[in-house]
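Below is one structure, written out as structure tokens, with a few remarks after it.
The values are calculated or read from the model by the stated rules, or taken from the named source; none is laboratory data. Not measured: the values here are computed from a predicted model. Positions of Cβ are generated from backbone atoms using ideal geometry, with glycine treated the same way; all protein chains shown enter the neighbour counts.
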Amino acid sequence: MLGILALQGAFEEHEKMLRALGCQTVLIRKKNDIPQNLTGLVLVGGESTTQRKLLCELDMLEILKERINSGVPVLATCAGLILLAKEITGGEQTCFGFLPVRVCRNAYGRQLGSFSAVGDIGSIKNFPMRFIRAPYIERTLADDKEVEILNVTDGRITAVRYKNILAMSFHPELTDDTRIHNLFVDMTKIYSRKL
């Protein structure tokens, strides 16, 4: 069962895309929504500060940390990338802290600074990327060489893969291209076979 964090942000778009790929999904709005048989987790774009606050208030942070730490595959977009980062520029409080990168929030400016681009995401060629008040990865942290950089746009790291985490600055769910979601689904199938 794929869980989509649905406290705030673009969760409906992820749900629609994953269901179109034949996946069973559940929207996670409270602790009891987290399925025992969670085989994948989507951390959606939106407002990272609000999502972090709600994760703590609704007592979901620790159980989701445990699931991610146990190897549950994660697809993180925009705010989801910020939630996973070990460091946030400016010293802002972190949330999950699993992804060994330093992230700069709202790095491309306000809403009017949003833009589209086309680029390669690892082996996925010519993917349409939608950046909306997007963060970017300033750098991977020097003490960890396992972070695979999947995309650099305008000299800034915008997509990475690290162990069970696929994280990006942009919004693949706002396109008609399902290839990133397919990659995530493949990760969840591999994880399910190990259970």
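Of everything in the stretch 40-97, what is among the polar types (S, T, N, Q) and surrounded by 20 or more Cβ atoms within 10 Å (Cβ to Cβ)? Give them in sequence order. Show your work before the answer.
Step one: of the stretch 40-97, the residues among the polar types (S, T, N, Q) are 48-51, 69-70, 77, 89, 93-94.
Matches in the stretch 40-97: SER48, GLN51, THR77.
Find the residue count for the stretch 67-108, including only residues that are of a type outside the set (A, V, I, L, M) and farther than 18 Å from MET187 by Cα. Walk me through how you get there before you give the answer.
Looking only at the stretch 67-108, we keep the residues that are of a type outside the set (A, V, I, L, M), and these are 67, 69-71, 73, 77-78, 80, 86-87, 89-98, 100, 102, 104-106, 108.
Next, only the ones that are farther than 18 Å from MET187 by Cα stay: 78, 86-87, 89-97, 100, 102, 104-106, 108.
Summing the residues that are of a type outside the set (A, V, I, L, M) and farther than 18 Å from MET187 by Cα in the stretch 67-108 gives 18.
I need the full set of residues from the stretch 164-195 which are modelled with pLDDT under 95 and part of a loop (DSSP other than H, G, I, E, B), in order please.
LEU195
Select from the stretch 74-95 the residues that are of a type in the set (Gly, Ala, Ser) and over 21 Å from MET129 (Cβ atoms) and write down the one among them that is modelled with the highest pLDDT. Spell out the reasoning first.
Our first condition is that a residue be of a type in the set (Gly, Ala, Ser); within the stretch 74-95, this holds for 76, 79-80, 85, 90-91.
So of that shortlist, the ones also over 21 Å from MET129 (Cβ atoms) come out as 90-91.
On the way: GLY90: 82, GLY91: 78.
Only one residue fits best here, namely GLY90.
In the stretch 153-170, what residues are surrounded by fewer than 24 Cβ atoms within 10 Å (Cβ to Cβ) and more than 14 Å from GLY122 (Cβ to Cβ)?
ASP154, GLY155, ARG156, LYS163, ASN164
Out of (1) within 16 Å of GLU173 (Cα to Cα); (2) touching a residue at least 60 places away in the same chain (Cβ under 8 Å), the odd one out for PRO73 is which?
For PRO73, the exception is condition (1).
State all residues of the stretch 118-147 that are of a type in the set (A, V, I, L, M, F, W, C) and surrounded by 13 or more Cβ atoms within 10 Å (Cβ to Cβ); if no residue qualifies, say none. Spell out the reasoning first.
Filtering the stretch 118-147 for residues of a type in the set (A, V, I, L, M, F, W, C) gives 118, 121, 124, 127, 129, 131-132, 134, 137, 141-142, 147.
ILE121, ILE124, PHE127, MET129, PHE131, ILE132, ALA134, ILE137, LEU141, VAL147 - these are the residues of the stretch 118-147 that are of a type in the set (A, V, I, L, M, F, W, C) and surrounded by 13 or more Cβ atoms within 10 Å (Cβ to Cβ).
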